[in-house]
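Here is the structure we will look at, set down as structure tokens.
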Amino acid sequence: MNVPEQLQPTRQRPVLPKDDVLQRISTLLDAPEDDLHAALMKELLVGLIKLHDSRLDVLDVKIVNRAVKELRHAFAVFRDYRDRYKVSIFGSARTLPDDPNYQLAHKFAQMIVQEGFMVISGGADGIMRAAQEGAGREHSFGVNIMLPFEQGPNTTIADDPKLITFKYFFTRKLMFQKEANAIALFPGGFGTHDEGFEILTLAQTGKSDPQPIVCLQAPGCDYWDDWAAFITKQCLKRNLINEEDLSLFTIVTSAEEAVAHILRFYRRYHSVRYVGRQLAMRLQSPISAEQIEQLENQFGDLLAHGRYELRGPLEEELDEPSLRNLPRLVFHFNRRSAGRLRQLITHLNNL
């Protein structure tokens with residue numbers, strides 16, 4: 001008989017000694033007001049007290065507790081690799097080694113690692129296994145999910161410290177997106193579409209920073225062609241998306257094309273940061289005054305007001321000293337079209 005989780009006997013949980021807990025809380029409360037890290041921790045502590053006062057059901061508290069534990073552990077695992085670019089790879093767990101898409105995933109991972117990237121996959125079989133075999137254990141993260149089937153860790157990543165197992169899809173998806181500098185989608189089932197559409201939704205709504213999203217299919221495979229035809233017919237022609245939203249992704253049929261697309265995205269573009277209503281786009285190299293004038297003509301629709309300005313860091317960006325020397329393209333972005341912003345990045349990289 002399966003007993004619902006909320007009715008199962010409570011297991012003994014390890015806890016810190018009471019005096020230790022009180023001492024740590026006291027130290028936190030005494031932290032200077034200008035210590036942002038401590039201020040956020042105080043907010044979390046207040047939130048915890050309010051959570052207790054709300055008298056939520058035990059199951060609800062378990063969800064909060066497990067989610068925080070999963071994120072805390074995942075943040076710790078990725079922390080030592082924050083300076084490495086990473087690509088999140090999605091695709092079916094059912095793809096077999098003799099499938100051309102399996103071989104394509106293997107080759108793509110192998111090539112992108114040679115360019116200095118690390119690979120994040122779901123850690124299971126199929127496309128995920130192919131990617132981690134191609135990347136190698138040293139350059140791989142496994143972001144696994146607890147399921148009754150299909151999701152056991154593959155032999156490449158099993159028992160590696162960079163293998164993280166999640167109970168909840170939402171915490172897992174957060175790590176896939178948060179840690180990625182690029183996205184690679186291979187043919188897959190409901191899970192791949194779920195992950196792919198969420199990635200595209202975050203990109204379209206500006207809830208994620210710009211990044212290359214590449215849909216890979218082996219030569220002769222029409223998986224993403226048919227998918228794009230559906231998007232065009234059922235979404236674009238019904239005015240459910242904008243035409244520039246199609247710029248958020250690209251379809252390729254070789255590992256070479258995929259790698260080249262990702263590297264080209266970072267040819268001049270580096271990153272963005274919002275400061276109030278301004279967007280500071282960090283560049284690897286500056287552009288000329290004439291080229292800025294061209295932007296006014298070609299991408300003036302992205303401006304809420306004002307003009308494009310090439311300058312150094314804004315004052316609020318000085319907390320990132322490693323990026324201080326990068327030139328910035330600063331402007332008041334209307335925040336209405338991430339697709340057009342993606343087109344602007346492509347234009348800058350092609351100059």
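When you look at Arg72, is it closer than 30 Å to Ala135 by Cα, surrounded by 12 or more Cβ atoms within 10 Å (Cβ to Cβ) and at pLDDT 90 or above, yes or no? Answer is no for this residue.
Hey, among Asn65, Asn101, which residue is closer than 24 Å to Phe190 by Cβ and of a type outside the set (Lys, Arg)? Just a single option satisfies the conditions, and that option is Asn101. Just checking, does the stretch 272-279 include any residue being within 30 Å of Ala105 (Cβ to Cβ), within 19 Å of the chain's Cα centre (by Cα) and not charged (D, E, K, R)? Scanning the stretch 272-279, I find at least one residue that is within 30 Å of Ala105 (Cβ to Cβ), within 19 Å of the chain's Cα centre (by Cα) and not charged (D, E, K, R), so the answer is yes. Restricting the stretch 191-234 to residues that are among the small types (Gly, Ala, Ser) and in a helix (DSSP H, G or I) leaves a set whose member that is nearest to Tyr168 (Cα to Cα) is Gly191.
A single entry from Pro97, Pro32, Pro17 fulfils the requirement of being closer than 30 Å to Trp224 by Cα and either loosely packed, with under 13 Cβ neighbours inside 10 Å or hydroxyl-bearing (Ser, Thr, Tyr) (or both): Pro97. Taking the criterion of being closer than 25 Å to Gly116 by Cα and surrounded by fewer than 17 Cβ atoms within 10 Å (Cβ to Cβ), the only residue of the stretch 175-199 that qualifies is Lys178.
Yes/no per residue for (1) buried (at least 16 other Cβ atoms within 10 Å of the Cβ); (2) hydroxyl-bearing (Ser, Thr, Tyr):
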| position | (1), (2) |
| --- | --- |
| Asp225 | no, no |
| Thr232 | no, yes |
| Asn239 | no, no |
| Glu243 | no, no |
| Thr250 | yes, yes |
| Val259 | yes, no |
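Taking the criterion of being farther than 24 Å from Gln110 by Cβ and in a loop (DSSP other than H, G, I, E, B), the residues of the stretch 151-174 that qualify are Lys167, Tyr168. Inspection of the stretch 132-142 finds a residue satisfying the criterion of being free of Cβ contacts under 8 Å to residues at least 60 places away in the same chain and part of a loop (DSSP other than H, G, I, E, B). Taken as a whole, the stretch 39-58 holds no residue that is in contact with a strand residue (DSSP E or B) (Cβ under 7 Å, 6 or more places away or on another chain) and β-branched (Val, Ile, Thr). Considering Ile231, Ile262, Ile241, Ile251, the condition of being more than 17 Å from Phe331 (Cα to Cα) and free of Cβ contacts under 8 Å to residues at least 24 places away in the same chain is satisfied by Ile231 alone.
Among the residues that make up the stretch 69-84, is at least one of them over 30 Å from Ala255 (Cβ atoms), touching a residue at least 12 places away in the same chain (Cβ under 8 Å) and either in the same structural domain as Ala182 (by TED's automatic domain parsing) or not acidic (Asp, Glu) (or both)? Yes, the stretch 69-84 contains a residue that is over 30 Å from Ala255 (Cβ atoms), touching a residue at least 12 places away in the same chain (Cβ under 8 Å) and either in the same structural domain as Ala182 (by TED's automatic domain parsing) or not acidic (Asp, Glu) (or both). Which ones in the stretch 112-126 are under 17 Å from Val259 (Cβ atoms) and either within 20 Å of the chain's Cα centre (by Cα) or outside the structural domain of Lys178 (by TED's automatic domain parsing) (or both)? Ile112, Val113, Glu115, Gly116, Phe117, Met118, Val119, Ile120, Ser121 - these are the residues of the stretch 112-126 that are under 17 Å from Val259 (Cβ atoms) and either within 20 Å of the chain's Cα centre (by Cα) or outside the structural domain of Lys178 (by TED's automatic domain parsing) (or both).
Let's see how each residue does on (1) within 24 Å of Pro212 (Cβ to Cβ); (2) over 21 Å from the mean Cα position of the chain (by Cα); (3) not polar (S, T, N, Q):
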site	(1), (2), (3)
Met128	yes, no, yes
Glu133	yes, yes, yes
Asn144	no, no, no
Thr155	no, yes, no
Asp160	no, yes, yes
Thr165	no, no, no
Leu174	yes, no, yes
Lys178	yes, no, yes
Asn181	yes, no, no
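The values are calculated or read from the model by the stated rules, or taken from the named source; none is laboratory data. Note that the structure is a prediction, hence the values are computed from the model and not measured. Cβ sites come from the backbone with ideal geometry, for glycine too, and all protein chains shown count toward neighbours.
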